[in-house]
Each structure stands twice: as C-alpha cells, then as structure tokens.
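Bear in mind that the values in this text are calculations on the coordinates, not laboratory data. Note that the coordinates shown come from a computational prediction; the quantities given were computed from them, not determined experimentally. Cβ sites come from the backbone with ideal geometry, for glycine too, and all protein chains shown count toward neighbours.
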Amino acid sequence: MKITRLSDLADAALCRRLVVKVGSSLLVGKHGVRRAWLEGLVAEIAAARARGQEVIVVSSGAIALGAAKLGLDKGGRGSLADAQAAAAVGQIALSGLWAELLGAHGVTAAQLLLTLEDLEDRRRYLNATATLTRLLDAGAVPVINENDSVATQEIRFGDNDRLAARVAQAAQANAVLLLSDVDGLFDRNPAEAGAQLLPEVRGVTAEVHAMATGGSSSGMGSGGMTSKLQAAEIAERAGIALAIASGLHDAPIARATSDAIGTLFLPRRKDAGRKAWLGGRLRLKGALVIDAGAARALGKGSSLLAAGVIRVEGEFQRGDAVAIRSDAGATLAHGLAEYDALECARLMGHNSAEHAALLGYAPRSAVVHRDQMVVL
Ligand code: GLU
C-alpha cells in the first residue's frame, strides 16, 4: 500500500512515519513566536501520534528568533557570522518551546542538531538513523534543525527543506510535509493572474523546475520553492512522498490532508537504503565525464568501465562519492569510485586488458561498480 493522495499522510496504515517541516515565517511573526498557532500545530502532532503515527519535526526559526533577541538586522541573515550567532541564541528558545508545548500533551521532545556532513558521511548517517529509530521507539518526538552555529558556508544545507528530505531518508519515513507560507507549487508565479495550484506532481522534471520562482517570499527563511523542489527530488529517489502545503492557517496538517490543499510529489521508485543515501548526496568529491556508449550501458544497469570515461574532475580518493556526467553536463548517476582521481585519469579511455600494465598492480573490475552506483 502506497501513498497516493494528500489524505494518506494522515493515515497511520499508509504513513506510519511522517516528517513535518515548519518554516521560519510560520514560527516567528513580527512580535516574536507565534505561540497560539504553534499550540494548534502541536495539538495536531499529538493527535497524529494518538492515531498511531510517528512524527519527526524539522523546525526552522532559530535564526529569526535569535536575530530578534540580539537586535540583528536582516533577520540575522546579513552575514554568516550573524546567522551563526543568531542561531546559537534562538535555538535554545526554539527547543524550549517545542519541549514545553509537546510536554503539555504528555509527549517528550528530543533535540537533534545536524550538519550536512552528518548526513553525507555514510557512518554518521547510519548513526543518525539509529538515534532517530531509538527515539521514535521510545515514544519521543525528535525536533531537528541544522546546527547553524557550526555549519560553515561550504558545508551547510542552508535550508531546512533539503534537511527534512534527508532526515526522512535517514529515518525511513513514509512522507514529508513541508509547511510553508505558500499553498504549494503553482504552474507559474502565484502572483500572476490565472496561476493554478498543482495538486500532484510525478517526477521533478526540468519543466517542473521552470515553474519555481526565486527564493523565500517571506524573507525570513532561506528556502523558497527552489529548495523545496530539490527536497522533492531527494524524497522521490528514496521512495518517499513529499507534500508542500501552507501553514498560514490554524490546524495546517488537517488543511493539507482533510481539505487536500497542497501539492503532493509522488515517488516513482524506491532505491534500497545505501543507494538512496548515495542518490540524495548533495556534495560529491569529483566527477567522471563519460561518452554516449557508457551512458547507454549505465542505463542498462552495467558498471562504469574506464574505456567509457572521457574526463576526470576533482581530487577524490578511492571510495569517495563522485558524480557521473554526460559530456553535455547532465548528471547521470552518483557512485563510489573504485580508484582515486589520478588512477582514473591514467585508466580512462583504455580497455580493461591494458589496466594491469598502466597501474602496475591487479586492476578492479570497474571504475564504479554497479552495486555502488545509483542511476538518477
Ligand atoms: N536552520 C535555519 C533556522 O533555524 C532555517 C533554515 C531555513 O530557512 O530553511 O533558522
């Protein structure tokens, strides 16, 4: 049984584990925390748990809250240093709030602050999986945010949409609900006359990306539709449904699920754990550019052989995750390299029979083995 409709997100049989992401503009208003609204959402979360669903919260708002306390302009997003300081101040208040409001329903909150690297490194990713599973088994509601105070520019999500999708993967959740200040994805800029809300999207194609407009409309979060579509892509590859819905109303989960107002992205396939993790990786150490023949072979499920590689980019070690791209620049696959970048460059264009002589030692069967590769 699979999720096919927005209402399925409230069905414990179809959606046992749900990730709910709450955007900054929902949590923090002009006059500080929107407490009454949050109390309503927490009541919905408690009701979901009573129905037998396990809920994980991804909560933004640390930067917005901290900026207000510290009196920083631009909502604390003027510089990375401001954002990091604001997050350090705001996060305390944010977790305290979730703990208090969930506690009023007899639910224990648990805080996890993650960085991009925590989920890009396979061992740390599995560690996060274990912690989340244990917390859910113990009946707690994990409340997650990016560890903004230590995440530097190069190694940060920067938006909680993709973080939520990666967390859903790690937690093997059935669905993600991104609550934001828009009703969902529109076929064009929602400010334009005649713009239509898309109830369902199968596959985040180039055409779908073209519908997304710019960054965060509230100016408070950093997401916007672009990062929501990236999140949908990560979820889609992991076989997880993802919905975008507005949180600007009271009881936003019911509005998205009972009234079915939102956009539901349906997954088209389900990669097994390791491959899903690899497909959702956001930072890769390098790239192997391949010819058309190799691209066809990959599509048929073959490993990548050195003969089909035409260019090697980046400095990677054996075992690092690399992108496999066409000459035209399209990313075809992610995989773990069997050789480091120098060796790949030495072997590229050569048939397997020549490898031993080129390397001076027994070669491996492929540059990227099919078991360590996910075709995108
Ligand atoms: N982690 C940021 C915060 O807590 C929010 C990121 C986002 O806007 O998605 O303020």
TM-like helix rule applied to the chain (DSSP H, alpha carbon span at least 24 Å on the long axis, mean Kyte-Doolittle at least -1.0) gives 80-103
Compute the longest continuous run of the chain that contains no exposed GluC sites (Glu not before Pro); treat a site as exposed when its DSSP state is not H, G, I, E or B and it has at most 15 other Cβ atoms within 10 Å.
-> 1-191
Cα Rg over Rh - the chain, Kirkwood | 1.01
For each pair in 21/228; 74/228; 21/270; 270/300; 30/74; 228/275, compute the distance between the two Cα atoms and list the pairs where it is over 20 Å.
-> 74/228; 21/270; 228/275
What length, rounded to one decimal in nm, is gained on full extension from residue 326 through to residue 358, with 0.36 nm per residue of separation minus their alpha-carbon distance?
-> 9.0 nm
Alpha-carbon gyration tensor eigenvalues x 5, square-rooted, for the range 275-376, Å = 20, 14, 12
Over the range 55-193, what is the relative contact order in whole percent, taking alpha-carbon pairs under 8 Å and six or more residues apart?
-> 25
In debye, nearest 20: dipole of the range 276-376 around its Cα centre with unit charges on the Cβ of K, R (+) and D, E (-)?
-> 260
Cα gyration tensor shape for the range 134-200, rounded if a/c is under 1.5, else prolate or oblate = oblate
The extension gain from residue 70 to residue 39, computed as 0.36 nm times the residue separation minus the Cα-Cα distance, is 8.6 nm
Checking the range 295-376 for trypsin sites (Lys or Arg not before Pro) in a loop per DSSP with at most 10 other beta-carbon atoms within 10 Å yields 300
